[in-house]
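Undergrad: Encoded as structure tokens, here's the structure I'll be asking about.
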Amino acid sequence: MNRFELNISPEFIVPVFMSSIKLILSITLLLLFTACSGSRMVTTHQTETQITVDGSLSDWNIEQSVVDRSDAAHYYAAFDDEYLYLFVDVRSAARNSAMRQSGFIIYLSDNQENRKRAGIAFPSGTFNLLRENPGVYNSFINDEEWSQNPQNRELLEDLQENIFDRIMIIEQSGSDRNRGFINKDQLQVDGIEIASDDGRRLLGIEMRVPLNDASLFNLSSDEIWLGFEIDPPNFRIRNDQDTMNQQRYGGQRRPMQQQRRNNPSNMRHMMGAYEQWFHLNIPVQN
């Protein structure tokens, strides 16, 4: 029986092998780029009726307006000839608590490279309201014993009552982040309305923003980047236990479990640090 033999020379194998490697690398880079892009395009629903901003979904076409759904929250967006409407329906007790403590920042921008230029924190967050007194806030993030003081605990309880009345405005230029505080009704001067339903156990946040270049967000394009962030404090607490541990281990590194517990990034994670972006397609009417 004749046997068929396929003879492939090394000169052929090497180019084919290199081409396969290049193809695999190209696919891998494409997947990495897609995974790291951080936002996905969402075609926004156009509503034919004006939505009343009262912290309720009663005026919304929920199925048509959904942007994203997760175990922590559902996000909705819609627009008409004048406004962009947003709704955040919180579904997780942990997310709800993190928002009340550290605030919930909403970013809107038509510039991807500068998409954190302006944001509104609503609720502003109990910890953020401490920033209105820089000395108190500095003690809060540096002194481990601060929260043990009954007067300080009472202060936090009092501030908790104001997280929906005092709005934190974030403006960022480069690496510099500036924060200021205004009363909620002052937003209306800029054409922005925001509300929450006080009767809900978990937060429902509703917002209306003008689709023009006259407001804080300066929205004049049909492509808008929408971002949500919970930004807990960066605690810089160094307590006596840290010093004792350094002495105990002769200045060497502490056990991994303790390092993880005291690591600032781990603390922020445990406090609900969160950031998510969406790329909205909105045919703005000029």
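The values are calculated or read from the model by the stated rules, or taken from the named source; none is laboratory data. Since this is a predicted model, take the numbers as computed values, not measurements. Note that each Cβ is placed from the backbone with ideal geometry, even for glycine, and that neighbours are counted across all protein chains shown.
Undergrad: Could you please find all residues in the stretch 207-218 being in contact with a Phe, Trp or Tyr (Cβ under 8 Å, 6 or more places away or on another chain) and either acidic (Asp, Glu) or not in a loop (DSSP other than H, G, I, E, B) (or both)? Step through it out loud before you land on a result.
TA: At the first step, the residues of the stretch 207-218 found to be in contact with a Phe, Trp or Tyr (Cβ under 8 Å, 6 or more places away or on another chain) are 207-211.
Met207, Arg208, Val209, Pro210, listed by residue number.
Undergrad: Pull out all pairs, ordered by first then second residue, where Cβ-Cβ is under 7 Å, the residues are six or more apart or on different chains, the first lies in the stretch 159-178 and is under 17 Å from Ser196 (Cα atoms), and the second is of a type in the set (Phe, Trp, Tyr).
TA: Final answer for the pair search is Arg166/Phe181; Ile167/Phe122; Ile167/Phe181; Met168/Phe181.
Undergrad: Go through the stretch 217-232 and count every residue that is more than 18 Å from the chain's Cα centre (by Cα) and closer than 18 Å to Ile105 by Cα. Reasoning before the result, please.
TA: Just the residues of the stretch 217-232 that are more than 18 Å from the chain's Cα centre (by Cα), to begin with: 218-223.
Subset that is closer than 18 Å to Ile105 by Cα: 218-219.
Within the stretch 217-232, residues that are more than 18 Å from the chain's Cα centre (by Cα) and closer than 18 Å to Ile105 by Cα number 2.
Undergrad: What single numbered condition from (1) more than 21 Å from Leu129 (Cα to Cα); (2) at pLDDT 80 or above; (3) surrounded by fewer than 16 Cβ atoms within 10 Å (Cβ to Cβ) fails to hold for Asn183?
TA: (1)
Undergrad: Here are some residues: Ser102, Ser97, Ser124. Which one is surrounded by fewer than 16 Cβ atoms within 10 Å (Cβ to Cβ) and among the small types (Gly, Ala, Ser)?
TA: Ser97
Undergrad: At pLDDT below 95 and either of a type in the set (Gly, Ala, Ser) or over 29 Å from Gly174 (Cα atoms) (or both): which single residue out of Met18, Met41 fits that description?
TA: Numbers: Met41 fails: either of a type in the set (Gly, Ala, Ser) or over 29 Å from Gly174 (Cα atoms) (or both).
Residue meeting the stated conditions: Met18.
Undergrad: Which residue is nearest to the chain's Cα centre (by Cα), if the candidates are limited to the stretch 139-154 and must be surrounded by 14 or more Cβ atoms within 10 Å (Cβ to Cβ) and free of Cβ contacts under 8 Å to residues at least 24 places away in the same chain?
TA: The extreme case among them is Ser139.
Undergrad: Residues that are more than 22 Å from Gly204 (Cα to Cα) and of a type in the set (A, V, I, L, M, F, W, C): list the helices (runs of 4 or more DSSP H) wholly contained in the stretch 61-170 that include at least 1 such residues.
TA: Qualifying helices (runs of 4 or more DSSP H): 134-142, 150-160.
Undergrad: Applying the selection to the stretch 173-206, what residues are closer than 12 Å to Ser56 by Cα and part of a strand (DSSP E or B)?
TA: Within the stretch 173-206, Ile194, Ala195, Ser196, Gly204, Ile205, Glu206 qualify.
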